[in-house]
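A.B. asks: Take this structure, written in structure tokens, and hold onto it; I'll ask about it next.
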Amino acid sequence: MYEIGNTKVISIIDRTRPIAYNDDSIATLRKIIRNTGARALPILDRNSGNFLGVINRSDVLIVSSTKTNATSSSILKEHLLEINSNYTIFETLNLMFKYDLWEIPILEGKKYIGLVSISDIVKLLFNKAKDYLKNINAENYMTKEPITVNLEDPISKIWKKMMEYKYAGFPVVNDKEKLTGIITQLDLIKKGYTRIHLESESGVKNQTKVKDAMTYTVIYGYPWSTLYEISIPIVKKDYGRIPIVSSENDKKVVGIIDREDIAKVIIKGDQI
């Protein structure tokens, strides 16, 4: 696995990942995210092709519906971290963990080469460490007692939690604390919400509930599930996180496993 850790990240990036330009409207960015599921969009200068920065899902969610004709340049911030094509998977993962940053642009000078995601890396690691993951249960590696939200919670409350905890999604439970679904930033974008604490894209202030925007089909695991089983939907469906429930009957959320957890387990197990 040492060879895998020293593989150049440039060799594993998804070259079909979408990009956007400095003069694209915010509405256009939302449309790209809705249609592709992209977590982050590299922004290039349309004239020079130079890389300018990255806009993610939370960036487009905070823009008021009255400003959807504004361009990406109006919300673009300097990106925290950039790498070049010589960086290895091991070096890139360490930077991701250090800065809590899961998409990193690859540049040569100001020229955009690609965007490496934690998803790209986890997919490769999973394929090389399947046997190892089959011998590890979720219970010892999951985040215990994760934050959940209720079906009846207003969207504004969920938005505040996303901003406060910097989480992209939460498991949804009913009044009996039973797992019912999941709600993510992508759900909110697909339903057309912006500046969630104030309005919808239609400009109508409301108290839309979680149950109106959430995804009801949710894949979950158990404390005794192997990390191999948990990793399959993360890799195959590009899910960011998998809730862990106590049993099939009560489905009480007792933990959560995300992409970063899988990567850290493989590294700590000397599997890279």
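A.B. asks: Restricting attention to the stretch 140-159, report how many residues are of a type in the set (D, E, K, R) and either in a helix (DSSP H, G or I) or modelled with pLDDT under 90 (or both).
C.D. replies: 1
A.B. asks: Same structure again: Determine whether the stretch 114-123 contains at least one residue that is farther than 26 Å from residue 182 by Cβ and of a type in the set (Asp, Glu).
C.D. replies: The answer is no; no qualifying residue exists.
A.B. asks: Here is a follow-up. Quick one: in the stretch 44-71, of everything that is among the aliphatic types (A, V, I, L, M) and under 12 Å from residue 112 (Cα atoms), which residue is most open to solvent (accessible area, probe 1.4 Å)?
C.D. replies: 52
A.B. asks: Does residue 233 meet the test of being assigned to a strand (DSSP E or B), of a type outside the set (Gly, Ala, Ser) and at pLDDT 95 or above?
C.D. replies: No; evaluated as a whole, the condition is false for this residue.
A.B. asks: Let me ask another. Return the residues of the stretch 72-113 that are of a type in the set (Val, Ile, Thr), within 23 Å of residue 29 (Cα to Cα), open to solvent by less than 40 Å² (accessible area, probe 1.4 Å) and in contact (Cβ under 8 Å) with a residue 60 or more places away in the chain; say none if nothing qualifies.
C.D. replies: 106, the sole residue that qualifies.
A.B. asks: Scan the stretch 20-43 for residues that are surrounded by 17 or more Cβ atoms within 10 Å (Cβ to Cβ) and part of a loop (DSSP other than H, G, I, E, B) and jot them down.
C.D. replies: Scanning the stretch 20-43 gives 22, 24, 38, 39.
A.B. asks: Further question: Take the residues in the stretch 90-123 that are assigned to a helix (DSSP H, G or I) and either closer than 24 Å to residue 23 by Cα or over 19 Å from the mean Cα position of the chain (by Cα) (or both), then tell me which one is modelled with the lowest pLDDT.
C.D. replies: The residue in question is 90.
Here is a yes/no grid of residues against (1) touching a Ser or Thr at 6+ places or on another chain (Cβ under 8 Å); (2) more than 30 Å from residue 129 (Cα to Cα); (3) small (Gly, Ala, Ser):
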position: 18; (1), (2), (3): yes, no, no
position: 38; (1), (2), (3): no, no, yes
position: 60; (1), (2), (3): yes, yes, no
position: 71; (1), (2), (3): yes, yes, no
position: 75; (1), (2), (3): no, yes, no
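A.B. asks: Tell me which residues, restricted to the stretch 204-255, are of a type in the set (A, V, I, L, M, F, W, C), open to solvent by 20 Å² or more (accessible area, probe 1.4 Å) and in contact with a Gly (Cβ under 7 Å, 6 or more places away or on another chain).
C.D. replies: 218
The values are calculated or read from the model by the stated rules, or taken from the named source; none is laboratory data. All values reported here derive from a predicted model rather than from experimental measurement. Every residue, glycine as well, gets a Cβ built from its backbone with ideal geometry; the counts of neighbours run over all protein chains shown. Surface accessibility is based on the protein's heavy atoms, side chains included, excluding ligands, DNA and RNA. Shrake-Rupley method; radii C 1.70, N 1.55, O 1.52, S 1.80 Å.
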